[in-house]
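The values are calculated or read from the model by the stated rules, or taken from the named source; none is laboratory data. Bear in mind that the values here come from a model prediction, so they are computed numbers and not experimental data. Cβ placement follows ideal geometry from the backbone for every residue including glycine, while neighbour counts extend to all protein chains displayed.
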Amino acid sequence: MVNEDVFRILQGKRSGEVIQGRFRQLAVELAKDCLRAKGMDGVRLDATAHFLGGAFSELLSWYVNARKRPDIHGLDAMFQELAGSSLKVRS
């Protein structure tokens, strides 16, 4: 069983909801760290981190369930393109 299989199994179970929530929280915290390093703070930091963390976890969910999908580098490029405007820091 590969990681993608485990991810799919967890998506359909109640315990999976808890794990998915924790994963999303982790993605948000990592996004906050990256955005702080770029100089973002305050409400914009919090909102952007939640937006990016949620987008990342949903994109990953789509990826493991998609019949046709890009390779991992293509997935990264897709995320960067889709999330790009959120990564710009405003003064």
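If a residue must be loosely packed, with under 13 Cβ neighbours inside 10 Å and either part of a helix (DSSP H, G or I) or free of Cβ contacts under 8 Å to residues at least 40 places away in the same chain (or both), how many such residues does region 35-52 contain?
6
If you go through region 64-75 one residue at a time, do you hit one that is part of a loop (DSSP other than H, G, I, E, B) and touching a residue at least 12 places away in the same chain (Cβ under 8 Å)?
Let us first name the residues in region 64-75 that are part of a loop (DSSP other than H, G, I, E, B), namely 66-71.
Restricting the remaining residues to those that are touching a residue at least 12 places away in the same chain (Cβ under 8 Å) gives none.
Looking through region 64-75, none of the residues is part of a loop (DSSP other than H, G, I, E, B) and touching a residue at least 12 places away in the same chain (Cβ under 8 Å).
So, in region 32-44, exactly how many residues are closer than 20 Å to LEU82 by Cβ and either at pLDDT 95 or above or among the charged types (D, E, K, R) (or both)?
Of the residues in region 32-44, the ones closer than 20 Å to LEU82 by Cβ are 32, 34-35, 38, 40, 44.
Adding the requirement that they be either at pLDDT 95 or above or among the charged types (D, E, K, R) (or both) leaves 32, 38, 44.
Matching residues across region 32-44 total 3.
Given the structure, is GLU29 assigned to a helix (DSSP H, G or I), of a type outside the set (Gly, Ala, Ser) and at pLDDT below 95? Can you show your working first?
Values: assigned to a helix (DSSP H, G or I): yes; of a type outside the set (Gly, Ala, Ser): yes; at pLDDT below 95: no.
Judged against the criteria, GLU29 is not a match.
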